Structure formats: C-alpha cells, structure tokens
Amino acid sequence: MTQRDFLDTLKKALNGQVPPHVVTENLNYYNTYLYDEIQKGRPEREVLEELGDPRLLARTIIDAEESSRSGRRRQTFEYGSVYDEGGNEDPVRGAFHINRWAVLGILFLILFSVCAALFFTFRAAFSLLFSFHGIWVWAVILLLIYGLSRRR
C-alpha cells in the first residue's frame, strides 16, 4: 500500500459517515504526518504499517465523532461495517454509562440524610441542656471545669 492508497481508503471510509470538515481535517493531518515522517528518512512502508489499516482508523474517527456529537459514549460499537466488508456482526462492549442526574439525586439524598441526622442530634442536645433536667448537665459541666482549673 502506498501513501496515496492509504489516504484514498481513509477518505472512502469516512465519506458520508462524518461531516466533510472532519474528513478534510483527518486527511490533512495524516497526509502531513506521512510527509513529515518520510522527510525524516523513515521508509513509507514502515510509517504506513505503524498507522495500521485505514478502515480501522476510519472506524475510530467515526466513533469519536459520533461520541462527541451525542455528548455521551455509545454502549456498543460495530466495526464490521467499515473494517470487515464481509459484514461481521460481533459487537465490542463500550464503557459503562451512568446518568448524571441519578448521581446528583443520590448525592442529594446522602447530604439531606446527614444534615437531618445532625439537626435532630443537636436539637435533642439543646433541648436537654435547656430543660429542667439540663440543669444537672450544666452543674456537672461547671463542676468539671472547676475541678480541672483547681489542679494547676
């Protein structure tokens, strides 16, 4: 495969799958990359082998574009339509996706529970301290303070 074959195959695989500006950006990028690497003295065949199959590269670009358009990762990918023209139907599992509203709801419930527990704990403590029975608590606290201050 030559540089021109690589770029033509990439272009054919991307056309109609992503917007035209994405096709142009990627073709320009890989054309420049290939040119720069060949100018450094690397053989064209070696650089092309490093990049791999242009159809698989196109599938990666298509998946990235779809993911950025939808704002979330897709659950499954099918590489068969571009990479294997034989129609391989074996899907590869994607990343696990959690709804951010569910996470925010759970965090809110946890925060609400902690605040409610603190509120009722302090409410009980203050009602004890400022009730008739709380006089004994104040007396014990004052005796402890007095006892600790006399030790010096």
Would you point out the residue of the range 1-48, among those that are of a type in the set (A, V, I, L, M) and in contact with an Asp or Glu (Cβ under 8 Å, 6 or more places away or on another chain), that is farthest from T60 (Cα to Cα)? I38
With the requirement that a residue be among the basic types (K, R) and farther than 21 Å from I38 by Cβ, what does the range 1-24 give you? K12
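None of the figures in this text is laboratory data; all of them are computed from the coordinates on show. Remember, it's a predicted structure, so these values are computed and weren't measured experimentally. Neighbour counts run over all protein chains shown; Cβ positions are idealised from the backbone, glycine included.
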